[in-house]
Amino acid sequence: MSIWGKIVGGTAGFALGGPIAALLGLAAGHAVDHVLDSRASSETAVATPADPKNHPGLREIAFTVGVIALGAKMARVDGEVTGTEVDAFRSFFHVPPAEEKNVERFFNLAKRDAAGFETYARQVAALFPDAPEILESVLEGLFDIAKADGKIGAAEAEYLAKVADIFGLSTSRFDRARAAALGEVECEPCIVLGIDPLATDEQIREAWIRQVKAHHPDRLMAQGLPEEAIKVANRKLALINDAYTKLRRQRGLVAA
């Protein structure tokens with residue numbers, strides 16, 4: 001059975017537990033509406049759910065559903081989900097054409113309110129204790145959704161800060177995610193590469209190599225990360241390469 005067959009059928013929920021299992025059950029018709037309420041989001045489908053980190057198939061399902069839920073609740077946090085926010089989610093979280101209806105089902109269920117997003121963030125964070133670059137990329141996607149309908153408001157900024165805190169991301173990673181998504185800082189490519197604007201050409205190259213190695217899909221695949229996480233990493237790798245090209249062009253190292 002494909003990952004989406006398991007997701008839509010709810011067959012993985014009993015093994016996962018937590019808010020993701022609740023959302024799986026609701027989408028599959030195995031639960032009632034109140035499971036999405038923040039008061040019930042800590043309920044588990046089984047007494048001792050499996051650890052998704054040790055089960056690649058479960059981790060892929062948990063990541064996919066968890067990111068959909070975080071994206072939907074990000075769109076909802078300012079009170080209204082707009083078409084531009086939905087488009088931003090689709091741009092960030094690449095959905096196979098054949099699965100758009102299934103993704104829409106989960107998105108619509110999760111967007112009913114913004115409550116309980118913290119529990120989803122904790123469950124997603126627990127999937128990647130040794131891969132903060134994946135969580136950083138997820139945060140970038142949430143920034144994209146937040147900015148989609150205009151300036152980021154106070155509620156959206158608080159949401160992003162809380163998710164970053166739950167993810168355990170450092171200030172530098174938060175700033176890098178913000179710069180990658182918003183481009184509203186001095187020397188945005190420098191922030192993306194994690195270097196000082198006065199860095200030498202060689203330091204820029206070394207930083208680029210470090211970032212490429214950290215986010216390279218082959219490395220992440222070797223760690224057993226799920227396919228959806230690899231797609232997120234590919235997006236970040238493109239941003240890193242673009243930042244490096246921009247800096248080299250600014251310094252006259254490549255043709256404009």
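The values are calculated or read from the model by the stated rules, or taken from the named source; none is laboratory data. Everything numeric here is computed off the predicted structure, so don't read it as measured data. A quick note on method: Cβ atoms are made from the backbone with ideal geometry, for glycine too, and the neighbour counts reach across all protein chains shown.
Looking at 205, 248, 210, 235, just one residue is part of a helix (DSSP H, G or I), within 18 Å of residue 128 (Cβ to Cβ), modelled with pLDDT of 80 or more and of a type in the set (Lys, Arg), and that residue is 235. Answer yes or no: is there a residue in the range 194-211 that is closer than 27 Å to residue 86 by Cβ and either aliphatic (A, V, I, L, M) or crowded, with 21+ Cβ neighbours inside 10 Å (or both). Taking every residue of the range 194-211 in turn, none turns out to be closer than 27 Å to residue 86 by Cβ and either aliphatic (A, V, I, L, M) or crowded, with 21+ Cβ neighbours inside 10 Å (or both).
Counting residues in the range 82-99 that are under 22 Å from residue 227 (Cβ atoms) and among the polar types (S, T, N, Q) gives one or more. Applying a threshold of 9 Å to beta carbon distances and a minimum spacing of six or more residues, or different chains, the list of pairs starting in the range 99-112 at a residue that is within 21 Å of residue 78 (Cβ to Cβ) and ending at one that is among the polar types (S, T, N, Q) and crowded, with 18+ Cβ neighbours inside 10 Å reads 106/64.
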